[in-house]
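Undergrad: Sharing a structure below in structure tokens format, with a few things to ask.
The values are calculated or read from the model by the stated rules, or taken from the named source; none is laboratory data. What you are looking at is a predicted structure, and each value in this text was computed from that prediction instead of being measured. Neighbour counts are summed over all protein chains in view; Cβ atoms, including those assigned to glycine, are modelled from backbone coordinates with ideal geometry.
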Amino acid sequence: MAIVLATLLLTGCQTTPKPQSESEQPRERPWTLETFADVNVRRYELPGWEQLTPKQRVLAYYLTQAALCGRDILMDQNCQYNLSIRRILEGIYTSYTGNRQGAPWEQFYTYLKRVWFANGIHHFYAETKMAPGFPQAYFQELVENTPQEAFPQKFATKEEVLAYANPVLFDPTVAAKRVNKADGVDVVATSATNLYRNLTQKEVEKFYAAQKKAHKNDTHLAYGMNSQLVKQADGTIVERVWKVGGMYSAAIEQIVGWLEKAKTVAETPEQVVTLNSLIKFYQTGALEDFNQYCVDWMQDTAARIDFVNGFIEDYGDPLGSKCSWEGLVNYKDMEATQRMEVLSANAQWFEDNSPVDKKFKKEKVKGLTAKVIDVVQLGGDCYPMPPIGINLPNANWFRKEHGSKSVTIANLMYAYDKASEGNGFLEEFAYGPEEVARIRECGALASNVSTDLHECLGHGSGQLLKGVKDDALKNYTSTIEEARADLFSLYYIADPKMEELGILPSQEYAWAEYDTYMRNGLLTQISRLKPGEQIEEDHMRNRALIARWCYEKGKGGKVIEMASRDGKTYVKVNDYQALRGLVGQLLAEVQRVRSTGDFKAAKALVEGYGVAVDPELHKEVLARYQQLHIAPYGGFVNPLIEPVMQGDSIVDARVNYDVSLTEQMLYYSKNYSFLPCDN
Ligand code: ZN
């Protein structure tokens, strides 16, 4: 599971600056590079890169290449039109011979940047198709004044370009929504993702039920995780597996090539084993090989450099099985890792003392590997909007038997904090100066610890009852799973154990986190939605669910107040201990729902608390945001990792921070486009 950025990008809390060498941190460079539409583009740095050995840096370089080679896979998975549209837009951007000044060109350029940023034509959070923001007639002018050779070869004429692109860009009924998880509709037929073609939800479920049966209902296999399912013209259903020799082969072969090179400079024998088994999985596409790879990756803990590469998260599939391609390269942050190790070493204590019913607890919490990392490179679904924490592998049975690797990403959180200092957010939305002061003082460490708890203990806690399937909660699975991890974290951040273990100096840190969480869940996170929209994204739903449930249940005792002052709404927590009690109650219930696969209760929780938006409050929040000029979303450009050559061989690698979003995207499109427009 990926924990995506919750509130950090919206707060102005300060972190203790990390020691960074002069060469790594040219101080005049801004942390926020540009802002357009609803996003801030930032950069991040690699503290400690210079302390790695040259061999480790070369390894990181090879893995970086492997992380970039899957970019087009992700884009194509997101929607079948994405690669063609991106290439048409890039063709115009690089070769249009007309006027590049003024409003319509700026609108076109903004749209291209939004497509880059979203890895396709749909908004990354709302999942709805983004409106281009310029008229169709202008698009025609752009195409007509761009040389034919700038467009993908499959188009022989300008007319063909327009005939293809016009409906995709301008007809709101074409590919309207990427992932539709709405209740009561055919989520497959109404989603524009490219994971299924010409299929209904029933047909997909039937297909995989049969596949499961053919495998004697082996519950350890992630059926359908690495394939596209297509109904052909003759009515037969074909699974196109993503592997060497299968769908996306051209890109996967490149990835495998870089993984082979990485093997030559691997740090440990375990890392070689891991790389070998990943390569094997890419070659066979066999689900058993994926499981073996997960086992090997779990045991590969001694190396300083680590990576995620492959088909990982299932948020992009309305049915929650098929996995988006992602890549991420990182190295261990030695100091911060110590904190995680303390939590991890006490995992059993946390499990035993949680307010959850005993039968839903793990008797023995296994193999929790926790560390803090700094990211070297983001690719696929992690780029340009990365998670700030990761807990993998995802399968519940795997976690139970083998545990999981859990990480918090320090350098990205640091960059978020730096970029949001002094943007006025806290002063506008916090209830009063005391709350602001406490968040300034405690907020950053509290956020870090809360992420540690979510990833390191939350996801790994609890167990499903015998016979309950991983996906028993269907389209509510991710939201409930994230809620479970968040609640675990909120419950324990306020536990005296935090002081006892030396993790937090006092409970004040927990209360800072409570303020931030409730303010976000009850008030500010809806700034990310457009008027009329409901909450769709799993993490946002989970935060709304928790905050609103606690608000409702605590109403009698005024635990949380929605205070009004000068026509503005504020969230005020009156009784922190009582709030912790409510968090514990909800944790027990959410764990019960997950453990027993109580679909009805999951639906009632999510639909009842996590979806609706109060239009009046929404209007107010949007207006307050607008006046602050803060974009609600943030993402990153990667530093460029360049090889240092000696003759023909790569002997070291260096970091170049001097990149812009446009340069980077065009560079990637030029150097990492391995797939045709239609796959
Ligand atoms: Zn999570």
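Undergrad: Being among the charged types (D, E, K, R) and part of a helix (DSSP H, G or I) is the requirement here; does Glu561 meet it?
TA: Here the answer is no, as Glu561 does not meet what is asked.
Undergrad: Quick one: what pairs do we get from the range 626-642, first residue under 16 Å from Pro386 (Cβ atoms), second in a loop (DSSP other than H, G, I, E, B), C-beta under 6 Å, 6+ apart or different chains?
TA: Tyr633/Asp38; Gly635/Pro384; Gly635/Met385; Phe636/Tyr44; Phe636/Pro384; Val637/Val659; Pro639/Tyr657
Undergrad: I would also like to ask the following. Out of all the residues in the range 538-550, is one or more among the acidic types (Asp, Glu) and either away from the ligand (no atom under 16 Å from the Cβ) or at pLDDT 95 or above (or both)?
TA: no
Undergrad: Next question, about the same structure. Identify the single condition in (1) within 20 Å of the chain's Cα centre (by Cα); (2) over 21 Å from Asn166 (Cβ atoms) that Lys55 does not satisfy, given that it satisfies every other one.
TA: Failing condition for Lys55: (1).
Undergrad: Between residues in the range 471-487 that are touching a residue at least 40 places away in the same chain (Cβ under 8 Å) and more than 18 Å from Asn520 (Cα to Cα) and residues that are within 15 Å of the ligand (Cβ to nearest atom) and among the hydroxyl-bearing types (Ser, Thr, Tyr), which pairs lie under 8 Å by C-beta distance while being six or more apart or on different chains?
TA: Matching pairs, first to second residue: Asp471/Thr477; Ser478/Tyr315.
Undergrad: From the list Tyr383, Tyr331, exactly one residue is in a loop (DSSP other than H, G, I, E, B), over 30 Å from Lys466 (Cβ atoms) and at pLDDT 95 or above. Which is it?
TA: The unique qualifying residue is Tyr383.
Undergrad: If you take the residues in the range 383-403 that are farther than 19 Å from Asn448 by Cα and crowded, with 19+ Cβ neighbours inside 10 Å, which one is nearest to the ligand (Cβ to nearest atom)?
TA: Asn394
Undergrad: Turning to a different aspect of this structure: Taking the stated definitions as given, is Ser447 crowded, with 24+ Cβ neighbours inside 10 Å and touching a Pro at 6+ places or on another chain (Cβ under 8 Å)?
TA: When the stated conditions are applied, Ser447 does not pass them.
Undergrad: Which of the residues that make up the range 177-195 are within 22 Å of the chain's Cα centre (by Cα) and free of Cβ contacts under 8 Å to residues at least 60 places away in the same chain?
TA: Scanning the range 177-195 gives Lys177, Ala182.
Undergrad: Let me ask another. Say whether the condition of being closer than 30 Å to Glu45 by Cα and out of contact with any helix residue (DSSP H, G or I) (no Cβ under 8 Å at 6 or more places or on another chain) is met by at least one residue in the range 603-626.
TA: Checked the range 603-626: at least one residue is closer than 30 Å to Glu45 by Cα and out of contact with any helix residue (DSSP H, G or I) (no Cβ under 8 Å at 6 or more places or on another chain).
Undergrad: Further question: Hey, does the range 240-259 have a residue that's of a type in the set (Asp, Glu), farther than 18 Å from Leu74 by Cβ and at pLDDT 95 or above?
TA: Within the range 240-259 (the criterion being of a type in the set (Asp, Glu), farther than 18 Å from Leu74 by Cβ and at pLDDT 95 or above), the answer is no, since none of the residues qualifies.
Undergrad: Sticking with this structure for a sec: I'd like the full set of residues that are in a helix (DSSP H, G or I) and among the small types (Gly, Ala, Ser), limited to the range 597-612.
TA: Result: Ala601, Ala602, Ala604, Gly608.
Undergrad: Which residue out of Ala118, Ala126 is within 19 Å of Gly316 (Cα to Cα) and modelled with pLDDT of 95 or more?
TA: Just one listed residue meets the conditions, Ala118.
Undergrad: Would you mention how many residues in the range 659-679 are touching a Pro at 6+ places or on another chain (Cβ under 9 Å) and surrounded by fewer than 18 Cβ atoms within 10 Å (Cβ to Cβ)?
TA: Residues in the range 659-679 being touching a Pro at 6+ places or on another chain (Cβ under 9 Å) and surrounded by fewer than 18 Cβ atoms within 10 Å (Cβ to Cβ): 2 in total.
Undergrad: Ok, one more. Just checking, which of Tyr657, Tyr667 is of a type in the set (Phe, Trp, Tyr) and without any contact (Cβ under 8 Å) to a residue 40 or more places away in the chain?
TA: Exactly one residue qualifies, and that residue is Tyr667.
Undergrad: Ok, one more. Which of the residues that make up the range 193-206 are in a helix (DSSP H, G or I) and either basic (Lys, Arg) or buried (at least 19 other Cβ atoms within 10 Å of the Cβ) (or both)?
TA: Lys202, Val204, Lys206
Undergrad: Let me confirm something: among Val356, Val436, Val342, which residue is part of a helix (DSSP H, G or I) and over 30 Å from Asp300 (Cβ atoms)?
TA: The match here is Val436.
For (1) over 14 Å from Asn78 (Cα atoms); (2) assigned to a loop (DSSP other than H, G, I, E, B); (3) among the aromatic types (Phe, Trp, Tyr), each residue gets a yes or a no:
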site	(1), (2), (3)
Glu106	yes, no, no
Lys113	yes, no, no
Ala131	yes, yes, no
Tyr138	yes, no, yes
Val143	yes, no, no
Glu159	yes, no, no
Ala165	yes, no, no
Ala175	no, yes, no
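Undergrad: Taking the condition of being more than 15 Å from the ligand (Cβ to nearest atom) and of a type in the set (Gly, Ala, Ser), how many residues in the range 411-464 meet it?
TA: 11
Undergrad: Taking Thr190 and the conditions (1) surrounded by fewer than 14 Cβ atoms within 10 Å (Cβ to Cβ); (2) not in a helix (DSSP H, G or I), which numbered condition does it fall short on, given that it satisfies the others?
TA: That leaves (1) as the condition not met.
Undergrad: Which one is nearest to Glu351 (Cα to Cα) among residues in the range 469-524 that are more than 16 Å from the ligand (Cβ to nearest atom) and within 20 Å of the chain's Cα centre (by Cα)?
TA: Asp471
Undergrad: Another question, then. Just to verify a result, which residue in the range 527-558, among those that are among the basic types (Lys, Arg) and assigned to a loop (DSSP other than H, G, I, E, B), is nearest to the chain's Cα centre (by Cα)?
TA: Lys530
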